[in-house]
Amino acid sequence: MPDMRDAMHGAGFQGARRESNRSDDPSPARRDDRGSMDSQFPPGYPKYFTSEGHTRVELITAEAENLAARFESDRLKRHQLRSFYDHAKRQLQRLLYGAPFGEVHLEIARLKAFAADRAGRADNALPWSFKQFIDRNVDAITDEASFKKGFMPHFEAVVAYCARIKD
């Protein structure tokens with residue numbers, strides 16, 4: 001069977017993956033279809049602000065650069081990255097034009113559903129590491145400040161460091 005599995009994988013078919021959305025999943029780390037661990041996130045990630053309430057510099061520099069390198073090695077495609085970033089950017093624009101955060105927060109939360117859908121596709125699947133990035137950051141967005149001054153500058157920096165990624 002391993003030969004058949006390798007042949008199918010080489011032809012672009014990826015078998016069903018076990019995915020658990022349970023928060024009580026006992027596994028300490030998950031593996032994507034290439035077997036790599038999701039340890040690319042620093043402990044407590046994402047932490048947007050310092051104790052004084054300022055956006056953490058490491059979030060925009062080292063952490064963003066490390067994530068971009070991981071996404072590149074996991075073969076994230078530029079159009080995949082841009083579709084998520086563009087959606088987030090549209091929500092930021094809505095806030096700037098006066099939409100209440102409660103309405104915008106719903107659209108931000110939808111990023112998790114989009115990531116789950118695209119990660120589960122057989123063709124052009126979203127890398128597991130990027131799905132985890134989206135999930136962790138959407139969960140960390142609790143108010144307008146965490147979105148505008150935490151997540152968006154971080155995501156913008158990740159996109160900038162991903163300049164080498166091609167479609």
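The values are calculated or read from the model by the stated rules, or taken from the named source; none is laboratory data. Quick caveat, the model's predicted, so the values are computed rather than measured. Because the Cβ atoms are built from the backbone with ideal geometry, glycine has one as well, and the counts that use them run over all protein chains shown. Calculation scope for accessible area: heavy atoms of the full protein, side chains included, ligands and nucleic acids excluded. Shrake-Rupley method; radii C 1.70, N 1.55, O 1.52, S 1.80 Å.
Data table
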quantity: Condition met for ALA109 (in a helix (DSSP H, G or I), closer than 19 Å to PRO153 by Cβ, open to solvent by less than 50 Å² (accessible area, probe 1.4 Å) and at pLDDT 95 or above); calculated: no
quantity: Any chance GLU144 is surrounded by fewer than 16 Cβ atoms within 10 Å (Cβ to Cβ), under 22 Å from PRO42 (Cβ atoms) and at pLDDT 95 or above; calculated: no
quantity: Where GLY98 falls short, out of the listed (1) at pLDDT below 95; (2) part of a loop (DSSP other than H, G, I, E, B); calculated: (1)
quantity: Residue within segment 112-119 that is in contact (Cβ under 8 Å) with a residue 12 or more places away in the chain, buried (at least 17 other Cβ atoms within 10 Å of the Cβ) and among the aromatic types (Phe, Trp, Tyr) present; calculated: no
quantity: Which numbered condition ASP139 fails, given (1) loosely packed, with under 13 Cβ neighbours inside 10 Å; (2) more than 16 Å from PHE41 (Cβ to Cβ); calculated: (2)
quantity: Single condition VAL104 does not satisfy, out of (1) open to solvent by less than 10 Å² (accessible area, probe 1.4 Å); (2) of a type outside the set (Gly, Ala, Ser); (3) within 16 Å of the chain's Cα centre (by Cα); (4) farther than 19 Å from ARG56 by Cβ; calculated: (3)
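Conditions (1) of a type in the set (D, E, K, R); (2) over 15 Å from PHE130 (Cα atoms), marked per residue:
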| position | (1), (2) |
| --- | --- |
| ASN66 | no, no |
| ARG70 | yes, no |
| ARG75 | yes, no |
| GLN80 | no, no |
| LEU96 | no, yes |
| PHE101 | no, yes |
| ILE108 | no, yes |
